[in-house]
Amino acid sequence: MGDHLARAEDFENKAEKKLSGWGLFGSKFEDAADLFDKSANSYKLAKSWDKAGSTYIKLANCNLKLESKHEAAQAYVDAAHCYKKTNINESVSCLDNAVNIFCEIGRLSMAARYLKEIAELYESEQNIEQAVVYYEKSADFYENEEVNTSANQCKQKVAQFSAQLEQYQRSIEIYEDIARQSLSNNLLKYGVKGHLLNAGICQLCKDDVIAITNALERYQDLDPTFSGTREYRLLADIAAAIDEEDVGKFTEVIKEFDSMTPLDSWKTTLLLRVKEKLKAKELEEDDLT
Amino acid sequence: MFGSKKSPLKVAKPSSVESWTNPFDSNDEGMDTKKYSSSRKTSSERALTTLGVNTNPFDDGTDANKKSSSTLYGFQSANWNKYKNDFRDSGGLENQSVQELESYAVYKAEETTNSVTNCLKIAENIREEATQTLVTLHQQGEQITRSHHVAADIDHDLTRGEKLLGSLGGLFSKTWKPKKTRAITGPVIVGDDPVRRKGNHLEQREKLGLTSAPKGQSKLRSPPQEPTNAFEKVEVEKNKQDDALSDLSDLLGELKGMAVDMGSEIERHNKALNHLYDDVDELNFRVIGANQRGRRLLGK
């Protein structure tokens, strides 16, 4: 380990010397870049992630001087991957730089990929608002490049987090849009009822029985097979329970569905919100009587 | 958890387990489900069970810690054990009273219902996984097409490079023509793409009235009234089994459709990959030729 560290520092010093000296036709930047690359690799072997990251940034700067933009962007990505282990903010900053360069040279699919990576970093840090922003950007880029599956994955993340942030209408629009797209594809049509269920749960959170009923009718028009599914029945029965302000029925309906298809944590969270509202209504009714 | 109202599905289990750990479990699965679930419990779940903690987020939690000694129809848990052994300990089936045999029939009916329900759960799980697999396959198809587009772009760039290499030789050098064995075709959609073509086939059949939408599970339809005698109880169980089997049939039909779609998509991928391989092979051949030309020029 110490051996790797010593070699890394040696390479870095040589590179710095090269940069401060004279070079013919920019060859000093080429030589320095080569040395910085070796130095960064040695730092990685020594598990000195911060130093490896900062060395990759120096490498990126050399590549920018040489007008090798693709290599510069890749160096920023390598720096980000090193910083990921120690400093998330630095990692995000490096990925942002990489994305900007990829956009400049027209590599939009690469830019989309790293925007998604930034979003994942924010998600791991529980910074949901920023995660949503970057997932949205990533989805946009993927759509421009017609990488629809990846775009939809990012959109689903946006919808999921938007619902958690109580931006239900936004979630509904995304899920309905994905369902609409999926219907015209033989491979994706089987997932439609899942998307419509998610949209329906978001509708329930809005606490508007008429809107829920209208949405269910719309979903039936969208996919005629939906009305025969357990997902449709779950939504319809919950809507009825909300309309009747019957917490018992609400619980029974959900338990019955969950006994067959266990609800994931996202659905559970949203349905608990619905139940809380329903209980509050019930208590209000009791107070009035 | 959310107040004092009693949860509607709080039905006692045949064993004396103090609470359940499935957040939404309907808790009316009789003895047999224990065979399936107990072995799968994690240590934390066991701990929760022994502590008598109710982990259901949708439950109101007033009744969670009551010990239960009777089942859905009021049979003793000791009786269930007797039925499990098929009366081996008490002289076999022939030596039982009519009442005992009726109770045994109810037990067997419930056991069958649980088995069918478990089959349905498994089929649902398979469907979830299959749906994910189809999405992944779709993504893979997109990636193959994109890779092929990139190969076609490389072909254009390489053609320009070959022209430059051809004109680099100088005045007296022999003109160089790149060797090409075949043209680069780029991505080919094999046949008429079934994925796009058949997308709304089901919807069209629906509108024609050829296929009825699978009827939803009718577990929640209101039963006529509480069954009183063993015969009625068995009938109720039979109805439950019919519903579950009907749902299972629909699910298996859907799974068949999924399997067919997976098969045809993988076939498409294989053909697309064959085309891609041919194009990449041709590109490789031309890159080798261009490198040789470059080396020759540098050697002069």
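The values are calculated or read from the model by the stated rules, or taken from the named source; none is laboratory data. What you see is a predicted model; the values in this text were computed from it and never measured. Cβ placement follows ideal geometry from the backbone for every residue including glycine, while neighbour counts extend to all protein chains displayed. Side chains are part of the model used for accessible areas, which takes the heavy atoms of the whole protein and leaves out ligands, DNA and RNA. Shrake-Rupley method; radii C 1.70, N 1.55, O 1.52, S 1.80 Å.
Things worth noting here:
- In this entry, A:Leu222 passes the filter for residues that are within 21 Å of A:Arg180 (Cβ to Cβ), open to solvent by 10 Å² or more (accessible area, probe 1.4 Å) and either more than 7 Å from chain B (Cβ to nearest Cβ) or β-branched (Val, Ile, Thr) (or both).
- Residue in region B:108-130 that is within 11 Å of another protein chain (Cβ to nearest Cβ), basic (Lys, Arg) and touching an Asp or Glu at 6+ places or on another chain (Cβ under 8 Å) present: yes
- Matching residues in region A:270-286 - criterion: being within 9 Å of another protein chain (Cβ to nearest Cβ) and either on the phi > 0 side of the Ramachandran plot or open to solvent by 10 Å² or more (accessible area, probe 1.4 Å) (or both): A:Leu272, A:Glu276, A:Lys279, A:Glu282, A:Leu283
- Residues of region A:1-28 that are open to solvent by less than 70 Å² (accessible area, probe 1.4 Å), closer than 19 Å to A:Asn61 by Cβ and at pLDDT 85 or above: A:Ala8, A:Phe11, A:Glu12, A:Ala15.
- Scan region A:33-65 for residues that are more than 19 Å from A:Cys94 (Cβ to Cβ) and in contact (Cβ under 8 Å) with a residue 24 or more places away in the chain and the total you get is 5.
- Filtered residues of region A:82-95 (kept if at pLDDT 90 or above and open to solvent by 30 Å² or more (accessible area, probe 1.4 Å)): A:Ser93
- A:Asp243 being surrounded by fewer than 19 Cβ atoms within 10 Å (Cβ to Cβ), charged (D, E, K, R) and over 16 Å from A:Lys193 (Cα atoms): yes
- Of all the numbered requirements in (1) at the interface with another protein chain (Cβ under 10 Å from one of its Cβ atoms); (2) surrounded by fewer than 18 Cβ atoms within 10 Å (Cβ to Cβ); (3) within 21 Å of A:Gln156 (Cβ to Cβ), A:Gly248 misses one, and that requirement is (3).
- Across region A:39-56, the number of residues qualifying as closer than 13 Å to A:Asp78 by Cα and either at pLDDT below 90 or not in a helix (DSSP H, G or I) (or both) comes to 4.
- Residues that are open to solvent by less than 10 Å² (accessible area, probe 1.4 Å) and within 8 Å of chain B (Cβ to nearest Cβ), drawn from region A:229-239: none
Here's the yes/no breakdown for (1) closer than 30 Å to B:Val106 by Cα; (2) at pLDDT below 85:
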| position | (1), (2) |
| --- | --- |
| B:Lys179 | no, yes |
| B:Arg182 | no, yes |
| B:Ile189 | no, yes |
| B:Pro223 | yes, yes |
| B:Leu248 | yes, no |
| B:Leu255 | no, no |
| B:Ala272 | no, no |
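- Residues of region B:246-300 that turn out to be within 30 Å of B:Glu162 (Cα to Cα), touching a residue at least 24 places away in the same chain (Cβ under 8 Å) and not hydrophobic (A, V, I, L, M, F, W, C), as a count: 10
- Residue in region B:232-245 that is nearest to B:His148 (Cα to Cα), counting only those that are open to solvent by less than 80 Å² (accessible area, probe 1.4 Å) and touching a residue at least 60 places away in the same chain (Cβ under 8 Å): B:Ala244
- Residue list for region A:231-269, restricted to those being assigned to a helix (DSSP H, G or I) and among the aliphatic types (A, V, I, L, M): A:Leu234, A:Leu235, A:Ala236, A:Ile238, A:Ala239, A:Ala240, A:Ala241, A:Ile242, A:Val247, A:Val253, A:Ile254, A:Met260
- Condition met for B:Val135 (under 30 Å from B:Asn291 (Cβ atoms), within 12 Å of another protein chain (Cβ to nearest Cβ) and at pLDDT 85 or above): no
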